[in-house]
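Coordinate-derived values only; no laboratory data. Here the structure is a predicted model, which means the values were calculated and not measured. In this analysis, Cβ positions are derived from the backbone assuming ideal geometry, glycine residues included, and neighbour counts consider all displayed protein chains.
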Amino acid sequence: MKPFAVCEGVFQVGGPELTAPDDCCIYLVDLGKPILIDAGAGRGMRKLLQNLEDIGYSPRDISLVVLTHCHIDHVGGAPYLAEECGLPLAIHELDAPPVEEGDARRTAASWYGIDLPPLTIKHRLRGEEGEWDAGATLRWLHTPGHTPGSISLYVNNGLYTVLFGQDIHGPFYASFGSDLDAWDASMRKLIDLRADILCEGHFGVVRPASELRRYIEDYLRNYGRL
Ligand SMILES: [Zn+2]
Ligand SMILES: [Zn+2]
């Protein structure tokens, strides 16, 4: 599978079929200022750089790497992007300690048999929401549940509102610090955004808006919350 445009200004550049089997879906938002969302598990970095090149980007073009939460399938590529490519990393402050400490349990690195070196986080995200300039405004929302510091992002490209909801499907484990009540509230926040396209962390792209809503509601139903 090749990297592709989800819609104008949004690309999928990594994922199990695009970079390496362990990787989460990796997205690039560029409405004038490229921002990378998540980094994969780290075994597919050469492929990720190739994919970026295939759609006309070099790592130097990227202004920021946003990590949606602390799990290794999302952050394992971050050491490479930070050290080899010099890119700044952002993660919510509640999920920062496991990656800053290279905690193999809380990052689930031990599950994957991957070593995560301690990472330097440039931007610790605080509070409930914030935004960056990606050419258009890329907003983040604190959406705890899967982990305490999980975030979701959204952007409007002029035509569509695109929601990046990595691992909103779970799973939920005590060792992750998961919280189903917090997750329930987070999912309702995401439904209220009325986004048109969902870029999911492991299941790719869901659209249109009615399917996106059904996708989240199906998970709420599965966990007895609807
Ligand atoms: Zn996860
Ligand atoms: Zn994941």
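Considering only Cα atoms, the convex hull volume of the stretch 1-114 works out to 88 Å³ per residue. Summing +1 for each Lys or Arg and -1 for each Asp or Glu among the other residues whose beta-carbon sits under 12 angstrom from that of LEU138 gives -2.
Take 130-139, 67-76 and order them by the average number of nearby Cβ atoms within 10 Å per residue, most first; the result is 67-76, 130-139. Between the stretch 8-79 and the stretch 165-194, the alpha-carbon centres lie 22 Å apart. Only DSSP H runs of four or more residues enter the estimate; each adds -39500 (n - 2.57), and after division by the residues of the chain the mean residue ellipticity at 222 nm equals -7000 deg cm²/dmol. A straight Cα-to-Cα reach below 19 Å connects LYS122 with the aspartates and glutamates ASP38, ASP61, GLU83, GLU84, GLU93, ASP95, GLU100, GLU101, ASP103, GLU131, ASP133, residues fewer than 8 places away in its own chain not being considered.
Ranked by the mean number of other Cβ atoms within 10 Å of their residues, highest first, the peptides 45-55, 27-37 come out as 27-37, 45-55.
The Cα-based radius of gyration and maximum Cα-Cα distance (Dmax) for the chain are 15.9, 46 Å.
In order along the stretch 65-76, the phi-based Karplus estimate (6.51 cos²θ - 1.76 cosθ + 1.60, θ = phi - 60°) of 3J(HN,Hα) comes to 10, 9, 9, 6, 6, 7, 6, 4, 5, 10, 10, x Hz; Gly and Pro are listed as x.
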